[in-house]
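Participant: The following block contains the structure, expressed as structure tokens.
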Amino acid sequence: MAATSSSSPANFHGITEGSSDCANCQTPDATAAVNGTEIAETANLRLQVYSKSTAATVCTMSLSSLLGASSGLSHPRIQYDNAFKRFSLVVDSVPASSFDVPIQYLAASQTDDACGAWWIYSIVFSNSSLYPLGATLDYPYLGQDSTSLLSSTNNFSFGGSYLGSAAYAMPKSAAYTGAGFDVTPYSVAFSTAPVTVAGIPTFSTTSTYWLAAVPGTGYDLYVMPTNPAGAISLRAVVRSAFSAPTRRVNQPGTSRTLDPLDGRIESAGVQDGSFVWFAHTVNDSGFPTTRYGAINVSTNLATTALAFHSNTSDDFNPSIGVSDAGNNTNHIWVNWAYTDTPNGVPVSDTVAGVAPGQGVPTLFGNDLTLVTGFSTSSISSFGAYSSAEIDPVGTFSCPAGLTALTAQEYFTSSGTWTTQLARTTFC
């Protein structure tokens, strides 16, 4: 039986195009993280923190000021560590010339307060073939296990040629204390995403996983020893063929279409027990469609299903959140955006839930639309990713692990973009 959607106790507007500190950025790159009292969101060049109880803005700051960066920045991502009670975020520098040193910035909050002080790191890589002068570190990912912060990037030369992709681990013991640390990057497939380990607090594991979606084949599953972090190596090629989207996303009332990307996994997956969960956009009979599922790391077999709003909808920009429910079951949130052009529905944000014991069902027509926006005739891109993160703190009426925070994008009546933050629950 397909899962029914959870209800929404908090659903509000986040960072907008006009408040993102980036006048020429069409893509909002929205992610959000949550602790006991705060929701912290990054989009483009801004960090904004809200009260979890009222949605009021608590503080806001430019990422350039936070990081002390003089170069351009792009693609921030943020997450929360429910074991050590720290926020962390990564942002990549944008080279202004072929002589600029490529840098990834890492920031880790010094306390449980995202409005407080942060440790700031400028990570410079020594591998000259993957990180030559002028290289762009594109599409950074962010995840974590019990001992490390995890990231990866797609690297391009200053002239735009693809150089390769690399993944690496950063020790929490150093990042959370202001100590120095070394980073060893390992070559991986294009858009290989780290997998965040589930659990409240985060489970201790012996292996950490990374996953890339490969059109025509399935998935490249990489593995790394967790503690201490070691080499990242290809564990298996998981056969579960799919096609990348074959057309762009249509919008009602305009010929302007939106980019659903190329079938890559857009945000970190989640490891719970022997399963690695993921979501991405694929082609289904000519429609951009969300595919989600899990890989059993014991057997290297994938179980997948589709998630779509209707038979005529274009569904894209997904992310997934997973919490452990015991007895090898999970609570699962799949978050995505959709349009339904034949029925006049512009970009809308939605979420669907899978209850423990329901497996990996097709999610069709039982999602919860969080906000319905407008069509845009001026913007041709869409968010490069969204996010779904488990709320680590429960309430008197809802235990921890049954609520998730999602961040997604839509368009306003004036044609500009804005973000939507929502907490949805199984309670």
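Participant: Here's a check for you: in the stretch 219-241, which residue that is closer than 19 Å to ALA305 by Cα and under 21 Å from the mean Cα position of the chain (by Cα) is surrounded by the most Cβ atoms within 10 Å (Cβ to Cβ)?
Facilitator: TYR219
Participant: Condition first: under 19 Å from GLY273 (Cα atoms) and of a type in the set (Phe, Trp, Tyr). Can you find one or more residues in the stretch 312-325 that meet it? Steps first, answer last, please.
Facilitator: Within the stretch 312-325, the subset under 19 Å from GLY273 (Cα atoms) is 320-325.
Now drop any that are not of a type in the set (Phe, Trp, Tyr), which leaves none.
Within the stretch 312-325, not a single residue is under 19 Å from GLY273 (Cα atoms) and of a type in the set (Phe, Trp, Tyr).
Participant: Only one of (1) open to solvent by less than 10 Å² (accessible area, probe 1.4 Å); (2) farther than 25 Å from ILE200 by Cβ; (3) of a type outside the set (D, E, K, R) fails for VAL322. Which number is that?
Facilitator: (2)
Participant: For the stretch 63-92, which residues satisfy the criterion of being more than 25 Å from VAL393 (Cα to Cα) and open to solvent by 10 Å² or more (accessible area, probe 1.4 Å)?
Facilitator: Filtering the stretch 63-92 for residues more than 25 Å from VAL393 (Cα to Cα) gives 63-75, 91-92.
SER64, SER65, LEU66, LEU67, GLY68, ALA69, SER70, SER71, GLY72, LEU73, SER74, HIS75, listed by residue number.
Participant: Out of all the residues in the stretch 315-331, which are farther than 30 Å from THR257 by Cβ, in contact with a strand residue (DSSP E or B) (Cβ under 8 Å, 6 or more places away or on another chain) and not charged (D, E, K, R)?
Facilitator: First, the residues of the stretch 315-331 that are farther than 30 Å from THR257 by Cβ: 322-331.
Filter once more, keeping what is in contact with a strand residue (DSSP E or B) (Cβ under 8 Å, 6 or more places away or on another chain): 322-325, 330-331.
Residues satisfying the conditions are VAL322, SER323, ALA325, ASN330, HIS331.
Participant: What's the number of the only condition in (1) farther than 12 Å from GLN144 by Cβ; (2) open to solvent by less than 10 Å² (accessible area, probe 1.4 Å) that THR208 fails to meet?
Facilitator: (1)
Participant: When HIS309 is evaluated against the numbered criteria (1) surrounded by fewer than 23 Cβ atoms within 10 Å (Cβ to Cβ); (2) touching a strand residue (DSSP E or B) at 6+ places or on another chain (Cβ under 8 Å), which criterion, by number, is the only one it fails?
Facilitator: Among (1) surrounded by fewer than 23 Cβ atoms within 10 Å (Cβ to Cβ); (2) touching a strand residue (DSSP E or B) at 6+ places or on another chain (Cβ under 8 Å), the lone unmet condition for HIS309 is (1).
Participant: For the stretch 174-183, indicate whether the set of residues that are touching a residue at least 12 places away in the same chain (Cβ under 8 Å) and crowded, with 23+ Cβ neighbours inside 10 Å is non-empty.
Facilitator: The answer is no, given that none of the residues of the stretch 174-183 is touching a residue at least 12 places away in the same chain (Cβ under 8 Å) and crowded, with 23+ Cβ neighbours inside 10 Å.
Participant: Same structure again: Can you pull out the residues in the stretch 147-164 that are small (Gly, Ala, Ser) and open to solvent by less than 20 Å² (accessible area, probe 1.4 Å)? Break it down into steps so the answer makes sense when it comes.
Facilitator: Going residue by residue through the stretch 147-164, those that are small (Gly, Ala, Ser) are 148, 151-152, 157, 159-161, 164.
Passing the criteria: SER148, SER151, SER152, GLY164.
Participant: Can you pull out every residue in the stretch 275-306 that is open to solvent by 50 Å² or more (accessible area, probe 1.4 Å) and part of a loop (DSSP other than H, G, I, E, B)?
Facilitator: So the first thing to find is which residues in the stretch 275-306 are open to solvent by 50 Å² or more (accessible area, probe 1.4 Å), and the list is 275, 284-285, 287, 298-299, 301, 303.
If the condition is that a residue be open to solvent by 50 Å² or more (accessible area, probe 1.4 Å) and part of a loop (DSSP other than H, G, I, E, B), then SER285, SER298, THR299 are the ones that fit.
Participant: I need the full set of residues from the stretch 385-419 which are within 20 Å of the chain's Cα centre (by Cα) and either open to solvent by 10 Å² or more (accessible area, probe 1.4 Å) or β-branched (Val, Ile, Thr) (or both), in order please. Even if it seems obvious, please write down each step before you answer.
Facilitator: Within the stretch 385-419, the subset within 20 Å of the chain's Cα centre (by Cα) is 385-392, 401-411, 417-419.
Once the filter is applied, which keeps residues that are within 20 Å of the chain's Cα centre (by Cα) and either open to solvent by 10 Å² or more (accessible area, probe 1.4 Å) or β-branched (Val, Ile, Thr) (or both), the stretch 385-419 yields SER387, ALA388, GLU389, ILE390, PRO392, LEU402, THR403, THR406, TYR410, THR418, THR419.
Participant: Are any of the residues in the stretch 20-42 among the polar types (S, T, N, Q), in a strand (DSSP E or B) and crowded, with 24+ Cβ neighbours inside 10 Å? Even if it seems obvious, please write down each step before you answer.
Facilitator: Residues of the stretch 20-42 that are among the polar types (S, T, N, Q), as a first pass: 20, 24, 26-27, 31, 35, 37, 42.
Imposing the further condition that a residue be in a strand (DSSP E or B) reduces the set to 31, 42.
Checking which are crowded, with 24+ Cβ neighbours inside 10 Å leaves us with 31, 42.
Within the stretch 20-42, one or more residues are among the polar types (S, T, N, Q), in a strand (DSSP E or B) and crowded, with 24+ Cβ neighbours inside 10 Å.
The values are calculated or read from the model by the stated rules, or taken from the named source; none is laboratory data. Keep in mind that this is a model prediction, so the values were computed, not measured. Positions of Cβ are generated from backbone atoms using ideal geometry, with glycine treated the same way; all protein chains shown enter the neighbour counts. Side chains included, ligands, DNA and RNA excluded: accessible areas come from the protein's heavy atoms. Shrake-Rupley method; radii C 1.70, N 1.55, O 1.52, S 1.80 Å.
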